[in-house]
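Here the structure is laid out as structure tokens; the discussion comes afterwards.
Bear in mind these aren't lab numbers, they're just calculated from the coordinates by the rules spelled out. Since this is a predicted model, take the numbers as computed values, not measurements. Neighbour counts are summed over all protein chains in view; Cβ atoms, including those assigned to glycine, are modelled from backbone coordinates with ideal geometry.
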Amino acid sequence: MAKTYFTEDHEWLRVEGGVATVGITDYAQEQLGDLVFVELPELGKKLVKGDTAVVVESVKAASDVYAPVDGEVTEANTSLSSDPSLVNSAATSDGWLWKMRLADESQLEGLLDEAAYKAHIG
Amino acid sequence: MTGDDTKHLPLEDLHVAAGARFGAFAGWSMPLTYPAGVMKEHLHTREHAGLFDISHMKLFEISGSGSVALLNRACPLDAGALEISQSKYTFFLNEAAGIIDDLIVTRLGQQRFMVVANAGNAEADEKQLRALAMDFEAKVDALDRVFLAIQGPEAWAALSRAGIETGSLLFMHGFEPRENWFMSRSGYTGEDGFEIGLPETDARNLVAKLVEDERVMWVGLAARDSLRLEAGLCLHGLDITPEIDPASAGLMWAIPKEVRASGAFMGADALRSILERGPAQKRVGLKPEGRQPVRAGAALFDADGNPAGHVTSGGFGPSAAHPVAMGYVQTSLAKPGAKLFADVRGTKIPVDINPLPFTPHRYRKG
């Protein structure tokens with residue numbers, strides 16, 4: 001059964017079989033406004049927790065999305081190339097950003113659960 | 001968080017009630033977007049009418065027998081040649097012909113003018129005007145007004161429904177429809193529209209009438225920026241600064257020929273010598289290939305990888321439906337169709353030099 005974690009930087013990750021699907025939260029997409037471009041990571045890219053993994057661009061500004069844990073990119077959501085607004089309309093489902101194979105599952109312990117994230121955004 | 005010296009709009013409560021998200025701009029807490037979001041606000045302005053609170057901008061009234069002489073000294077302008085009600089886009093220049101501010105001057109009477117200046121430079125502008133006023137028989141009054149802009153093809157119809165007739169007013173003309181009101185047919189979106197300075201109580205009444213009209217939507221500073229960028233209009237502080245002269249900025253159309261040749265405005269000597277040798281760089285429109293925006297600060301390179309200039313504003317153009325940008329390039333490269341590359345986080349994005357504006361102007365000129 002997949003479990004969902006959150007970061008204080010407003011990413012979510014759903015982990016299943018050692019692979020995490022990562023996106024930004026609904027709160028984050030609302031703050032950013034209409035997205036017009038998503039710069040996705042290359043397959044096979046090794047990410048270290050805290051690295052910029054993806055850049056999402058709204059009409060007004062570019063914002064970094066960080067790797068929440070260490071791991072290797074196994075898939076990028078290429079449907080965002082033609083329709084970046086999926087992140088606005090479905091941030092936690094079809095608007096996912098990338099998938100990564102976790103290098104160290106123990107890093108998940110430091111992340112927030114949904115209740116803690118909700119408390120974080122107030 | 002806002003600091004203690006952040007200024008607040010007189011109508012801030014109305015923006016809060018409308019669900020605005022605020023941000024800091026030029027010392028002011030300004031509505032950036034409303035719940036509809038920047039994309040819808042932008043497109044609504046082009047299709048219907050957008051209502052903007054631009055009370056951060058400053059209105060100055062200049063009056064007295066020396067007001068023409070004062071303005072001719074302060075700006076590269078022939079203020080005496082303006083007809084009553086005619087507006088003119090002009091500048092305050094420093095001695096090096098750098099642009100201290102861009103502004104609009106409207107002639108209200110034989111010896112009376114209205115000056116509309118940018119928020120960020122209002123204090124410096126006022127100081128400059130007051131200093132000059134001592135040399136001329138003129139009086140400078142900073143007016144305490146709410147300043148609204150209503151922009152878009154249905155702006156006139158919405159105003160008409162609110163009881164304000166605009167029929168005979170043409171683009172770049174202004175007048176005083178009521179006591180302590182100033183209204184001009186102008187704006188900064190490329191659309192037909194109006195700017196109205198008025199006392200707060202009147203403003204609240206007018207806004208109440210306008211927002212109950214379904215053609216009218218509050219529009220924030222974020223969409224104001226994407227609208228003006230598509231329209232190829234400069235933002236002071238980004239595209240024009242005290243280091244940029246009107247010739248490099250491609251704004252010489254705003255300076256009449258006779259004024260260029262013999263005007264005694266501040267910065268005249270420097271501007272004449274720049275015109276004589278030709279500016280080293282020129283402002284151009286830039287159209288990035290693909291969908292990735294190229295933003296202010298990005299360096300530009302030619303096909304051989306040599307530095308060619310830099311981007312001064314950039315983002316996504318909701319009406320153009322592609323990224324849009326503006327910047328400065330070496331004069332030899334400033335030709336439509338020339339291909340350059342912008343460095344965006346280490347990736348070289350191809351950009352075409354594109355004629356401005358990106359979306360055609362739809363002013364009501366007559």
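Couple of notes before you dig in:
- The alpha carbon radius of gyration of the protein assembly as shown, expressed as a multiple of 2.2 N^0.38 Å, is 1.08.
- Cβ neighbours within 10 Å from other chains - mean over A:38-45: 1
- Sparse-neighbourhood loop sites, trypsin sites (Lys or Arg not before Pro) in the range A:4-94 - DSSP loop, at most 14 other Cβ within 10 angstrom: none
- Considering only B:GLY263, B:THR6, B:MET326, the residue lying farthest towards the positive end of the dipole of chain B is B:MET326, judged by Cα position with unit charges set on Cβ.
- Listed by chain and number, the lysines whose alpha-carbon sits under 25 Å from that of A:LYS45, ignoring those within fewer than 8 places in the same chain, are A:LYS3, A:LYS99, B:LYS348.
- Inter-part distance, the range B:235-261 to the range A:1-58, computed on C-alpha centroids, equals 45 Å.
- Unit Cα scatterers, Debye sum, chain B: log10 I(q)/I(0) for q = 0.07 Å⁻¹: -0.30
- The mean number of Cβ atoms from other chains found within 10 Å of a Cβ in peptide A:49-57 is 1, as a whole number.
- The region of chain B that goes longest without hitting one of the GluC sites (Glu not before Pro) in a DSSP loop, each with at most 14 other Cβ atoms within 10 Å, is B:244-366.
- Listed residues B:ASP352, B:ASP135, B:ASP202, most fluctuating in chain B (Gaussian network, C-alpha, under 10 Å): B:ASP135
- Those lysines that a straight Cα-Cα span of less than 21 Å connects to B:LYS365, excepting residues fewer than 8 apart in one chain: B:LYS88
- The range B:1-77: trypsin sites (Lys or Arg not before Pro) in DSSP coil with no more than 16 other Cβ atoms inside 10 Å: none
- Just so you know, the Rg over Rh for chain A is 0.93, from Cα atoms, with Rh as the Kirkwood radius.
- Calculated log₁₀ intensity ratio I(q)/I(0) where the Debye formula runs over C-alpha points of the range B:155-224, q = 0.11, 0.14, 0.17 Å⁻¹: -0.26, -0.43, -0.64
- Cα-Cα over 29 Å, subset of A:LYS60/A:LYS118; B:LYS127/B:LYS209; B:LYS40/B:LYS287: B:LYS127/B:LYS209
- Charge dipole of the range B:23-176 about the Cα centre (unit charges at C-beta), most positive-ward option of B:HIS173, B:GLY37, B:LEU148: B:GLY37
- Peptide-level mean, for B:310-318, of C-beta atoms on other protein chains within 10 Å: 2
- In a reduced charge model with +1 at each Lys and Arg Cβ and -1 at each Asp and Glu Cβ, chain B shows a dipole moment near 940 debye about its Cα centre.
- Listed by chain and number, the aspartates and glutamates placed with their C-alpha closer than 15 angstrom to that of B:LYS7 are B:ASP53, B:GLU123, B:ASP144; residues fewer than eight positions away on the same chain are left out.
- Under the convention that each Lys and Arg Cβ holds +1 and each Asp and Glu Cβ holds -1, the size of the dipole of the protein assembly as shown around its Cα centre is about 1500 debye.
- As a length-normalised measure over Cα pairs under 8 Å and 6 or more apart, the relative contact order of chain B settles at 18 percent.
- For chain B, built as a Gaussian network whose Cα springs stay under 10 Å, the top-fluctuating residue of B:PRO323, B:PRO35, B:PRO293: B:PRO35
- When you filter the trypsin sites (Lys or Arg not before Pro) in the range B:163-256 for DSSP loop state and at most 14 other Cβ atoms inside 10 Å of their Cβ, you are left with B:ARG178.
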